[in-house]
Amino acid sequence: MRFLLDDEQTAFDRSLDRMLAAAGTPAAVRAWSAGDQAAGRALWARLAGAGVFALAVPEAYDGPGPLPVELAVAFVQLGRYAVPGPVVETAAVAVLLDRLAGGGEGAPAKEWLPRIASGQVVTTYCAAAGGPYALDADAADAVFAVQGEELRLPTGPGSVQRSLDPARRLVRPRGGGELLASGPAVREAAAHAADWAAFATAGQALGTGLALVEKTVAYAKQRTQFGVPIGSFQAVKHQLADALLGLEFARPLLYGAAVALAARAPGAGADVAAAKVAACEAAYAAARTALQLHGAIGYTAEHDLSLWIRKARALRSAWGSPSHCRGRVLAG
């Protein structure tokens, strides 16, 4: 099946590409890793101005969404440029609060969703499906944590934990805090939000993999051996072609999952899991290829390639490990 973006979606994709290409994201990522969020927050404001976060917010709360196809477009670009911050988790919070509002818990949605749509707040999210840590809780204005059948705003972040990707700062939220909602509706909304988080992570991984291939192709045209560019060697061409092929096979799965989420199809969760495992495994394969073809320079933290290689590895297990996603696909 072929999925083609319409003219408006294509224009949105190109506008994000142009904006992020001029944003100097590698410097923002390095600063974010060191605990300096100024450049990352400035970038966050620009993304909000472009309407990225509003895509997960319904019209009743000042957004046009939720629009999963447009979110897929946005998150692929966020991955291509290694944008730091809890972008996936913010989308998941928006979906969670919207779902709770539909179940009668409208107060948190009314308070928080307009602010998420406008970019006034940076939020992050912690739930069982994503593990015990909240991404970038030390930089967020609010941490939403689901504990059993309770949704709370914890009293504050704990200590920052080391991650495979230094730009993904993992924090275990403290217990307690303000109770926003409770009951079975919280558990159901959390499961729904986890699907959207996995979906957004798949888009981010696809963009990360595409960036790795693009950067490695450019490097293969410059690096020479025996007096010729290594990109002219058949073995190098095959490696790059295999990496790109895996990513292009993942792309229709991502957009298929977007269509399923938009239609609220019963099997949307399995579609999301298929997209997540395909995109993350393809991005991980692209990272290995990029590392091998860059040679020794690819191992250095000073080279910008490391920002994407580390992200590909971390995204592989975020919001659903490969084995978990495969199990969901097999279960249907």
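The values are calculated or read from the model by the stated rules, or taken from the named source; none is laboratory data. Here the structure is a predicted model, which is why all the values come from computation and not from measurement. So basically every Cβ, Gly included, is an ideal-geometry build from the backbone, and we count neighbours across all protein chains shown.
Checking each residue in the stretch 173-210 for being part of a loop (DSSP other than H, G, I, E, B) and over 22 Å from the mean Cα position of the chain (by Cα) picks out ARG174, GLY175, GLY176, GLY177, GLY183.
When TYR133 is tested against (1) aromatic (Phe, Trp, Tyr); (2) surrounded by fewer than 24 Cβ atoms within 10 Å (Cβ to Cβ); (3) closer than 18 Å to VAL272 by Cα, only condition (3) is not met. Please go through the stretch 218-236 and give me each residue that is assigned to a helix (DSSP H, G or I) and either in contact with a Gly (Cβ under 7 Å, 6 or more places away or on another chain) or among the polar types (S, T, N, Q) (or both), ordered by number. Hits for the stretch 218-236 are ALA220, LYS221, GLN222, SER232, GLN234.
Of the numbered criteria (1) of a type in the set (Val, Ile, Thr); (2) surrounded by 15 or more Cβ atoms within 10 Å (Cβ to Cβ); (3) more than 17 Å from the chain's Cα centre (by Cα), the one VAL57 fails is (3).
The set of residues in the stretch 11-36 being part of a helix (DSSP H, G or I) and free of Cβ contacts under 8 Å to residues at least 24 places away in the same chain consists of ALA11, ARG14, ARG18, ALA27, ALA31. Let me confirm something: among ALA127, ALA145, ALA92, ALA117, which residue is small (Gly, Ala, Ser) and in contact with a Lys or Arg (Cβ under 7 Å, 6 or more places away or on another chain)? Step by step, each of ALA127, ALA145, ALA92, ALA117 is checked, and only ALA145 is small (Gly, Ala, Ser) and in contact with a Lys or Arg (Cβ under 7 Å, 6 or more places away or on another chain). Screening ALA42 against (1) over 19 Å from ALA279 (Cβ atoms); (2) buried (at least 24 other Cβ atoms within 10 Å of the Cβ) leaves a single unmet condition, (2).
For the stretch 102-118, the set of residues classified as buried (at least 21 other Cβ atoms within 10 Å of the Cβ), of a type in the set (Gly, Ala, Ser) and within 21 Å of GLU149 (Cα to Cα) consists of ALA109 only. With respect to (1) assigned to a helix (DSSP H, G or I); (2) of a type in the set (A, V, I, L, M); (3) surrounded by fewer than 24 Cβ atoms within 10 Å (Cβ to Cβ), the lone exception for VAL121 is condition (1). Within the stretch 1-31, the set of residues being at pLDDT 95 or above and among the aromatic types (Phe, Trp, Tyr) comprises PHE12 only. Against the conditions (1) touching a helix residue (DSSP H, G or I) at 6+ places or on another chain (Cβ under 7 Å); (2) free of Cβ contacts under 8 Å to residues at least 24 places away in the same chain; (3) of a type in the set (Ser, Thr, Tyr), THR201 satisfies every one except (2).
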